[in-house]
Amino acid sequence: MITLYTFGPAFGLPDMSPFVTKAEMLLKLAGLDYRTDPNGFNKAPKGKLPYIDDDGEVIADSTFIRRHIERKYGIDFDKGLDAEQRATAWAFERMFEDHAYWTFLHARWVDQGNFDRGPRVYFERMPMPMRLIVPRIARRQLKAQIMGQGIGRHSDAEIVELGTRSLDAAAAFLGQKTYMMGEELSGLDATAFAFLAGALCPIFETPLRTAAERHDNIKAYVGRITERFYPDYGELLQWTA
């Protein structure tokens, strides 16, 4: 049995981290039996979630989890795609994870209102006085990471502009297709669903959510995948066409 270490459901999403949701989607797409455990952060081998324990073999990072699944279980998440399509899928995955992610992180952690509505809630399970101290430290660290990555050096308006361009690009590429790469699910859908569902999350009041909501195909896409893989998540099912 595979154990996937997670933060746990939050904000009406399968997990507060899109990378955890991506990893879970990969397990679902592969048809593998697994269980989730929200208590593994302190033992995370790279200091981040997700990671899996597959019969004693520990794999950290969603991309390497994908590689592990492909190699050990003979799964080709991009079955049916040619070399050019696989390259395009990889490029869009990197857009979501290495670019759009930072704009979403900025909207959730730097904006005081969104931080109070979202990330701060995660720390409420902690006893006092850690409940007061740890969020401040975590937020300061996240701000430093956002600044170090470069996104945080822009104005709020510029960050929104960059995030919006990624959302617009995803919508344009999706077009009228059922899934990102066509009529069949692929590995890219694990990433795209995780990030686009997060972008639509109603908890956070941000121009990036408004930008995502402008695209009917993105909303319908999130609804379709939610209906198929996460039917208990009513807030996301509202987008079902």
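The values are calculated or read from the model by the stated rules, or taken from the named source; none is laboratory data. All figures in this text were calculated on a predicted structure; none of them were measured in a lab. Note: ideal-geometry Cβ built from the backbone for every residue, glycine included; neighbour counts use all protein chains shown. Ligands, DNA and RNA are stripped out before the accessible areas are found, and what is left, the full protein with its side chains, is counted by its heavy atoms. Shrake-Rupley method; radii C 1.70, N 1.55, O 1.52, S 1.80 Å.
Looking only at the range 182-218, residues that are modelled with pLDDT under 95 and farther than 25 Å from N114 by Cβ come to 0 in all.
Taking the criterion of being part of a helix (DSSP H, G or I), open to solvent by 40 Å² or more (accessible area, probe 1.4 Å) and not aliphatic (A, V, I, L, M), the residues of the range 152-170 that qualify are R153, D156, E158, E161, R165, D168. On inspection, Q149 qualifies as in contact with a helix residue (DSSP H, G or I) (Cβ under 8 Å, 6 or more places away or on another chain), open to solvent by 60 Å² or more (accessible area, probe 1.4 Å) and within 25 Å of H106 (Cβ to Cβ). In summary, E184 fulfils each of the numbered conditions (1) acidic (D, E); (2) under 28 Å from G47 (Cα atoms); (3) not in a helix (DSSP H, G or I) with the single exception of condition (2).
With a requirement of 3 or more residues that are hydrophobic (A, V, I, L, M, F, W, C) and closer than 23 Å to T210 by Cα, the helices (runs of 4 or more DSSP H) lying completely within the range 26-138 that satisfy it span 101-109.
For the range 91-108: of the residues being of a type outside the set (A, V, I, L, M) and without any contact (Cβ under 8 Å) to a residue 12 or more places away in the chain, which is surrounded by the most Cβ atoms within 10 Å (Cβ to Cβ)? Looking at the filtered set, the residue picked out is R94.
Only residues that are in contact (Cβ under 8 Å) with a residue 40 or more places away in the chain and either farther than 20 Å from M16 by Cβ or of a type outside the set (G, A, S) (or both): list them for the range 190-208, please. Residues satisfying the conditions are T191, F193, F195, C201, P202, I203, F204, E205, T206, P207, L208. The set of residues from the range 10-19 being without any contact (Cβ under 8 Å) to a residue 60 or more places away in the chain and either out of contact with any helix residue (DSSP H, G or I) (no Cβ under 7 Å at 6 or more places or on another chain) or open to solvent by 20 Å² or more (accessible area, probe 1.4 Å) (or both) comprises just one member, S17. Residues that are outside any loop (DSSP other than H, G, I, E, B) and acidic (D, E) were ranked within the range 219-241; the one that is modelled with the lowest pLDDT is E235.
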